[in-house]
Amino acid sequence: MLSIVDLVTPLQVLALLGNSAFVDTIVALCQTLKVSTRQSISHWLTNVQRMKLEDDDVCQGAIGEQGPIIAHDLRHILVSGQTGTMICDALFGLCQALAVNPYIVSIPSAAPSNPKVWKSSHRTLFQVLHFSDVHIDRQYTANSSPFIEI
């Protein structure tokens, strides 16, 4: 049985050759093997007869867009660590998904020395704690999936 290292290390080595080499190789594999970009490789291996095959231009477009991101990530991970397992699960669907790491956010309990007094007209006051992940995705398309499986 293949390990995480066996599955992800060749991709990491390919990613170290650069984005073009990575994308060109994965596109060629996608086109040759007729892998569906909507299904994982494990699904392809077990359901070759029933799956919908993608046209060559779909492989080129999907992998051409997402490949450099995947290659960048592969160049910066420890294959035998948690991230290697997550990439293996996301790309191949062959690795066991990891449990979510528990994380406790401590919220300071000290009140400000001069708190603002809020007044409401006939409504009950409530507090909101807002967490956000601020980033810019210049290629975002409304209602599109941020994930791709090859």
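With the highest mean first, a sort of the peptides 116-125, 66-75, 90-99 on other beta-carbon atoms found within 10 angstrom per residue produces 66-75, 90-99, 116-125.
On the basis of the beta-carbon distance and an R0 of 25 Å, L16 and V105 show a calculated FRET efficiency of 0.10. Modelled label positions at H72 and Q96, each set 7 Å beyond Cα in the direction of Cβ, lie 3.2 nm from each other.
Converting phi to 3J(HN,Hα) with the Karplus coefficients 6.51, -1.76 and 1.60 and the offset θ = phi - 60°, the range 114-123 yields 10, x, 6, 9, 9, 10, 10, 9, 6, 10 Hz in sequence order, with x at every glycine or proline. Available extension along the chain between M86 and E65 is 5.5 nm, counting 0.36 nm per residue and deducting the alpha carbon span.
FYI, it's all coordinate maths here, none of it is from the lab. This one's a predicted model, so the numbers in the text were calculated from it and none came from an experiment. All Cβ positions, glycine included, derive from the backbone under ideal geometry; neighbour counts span all protein chains shown.
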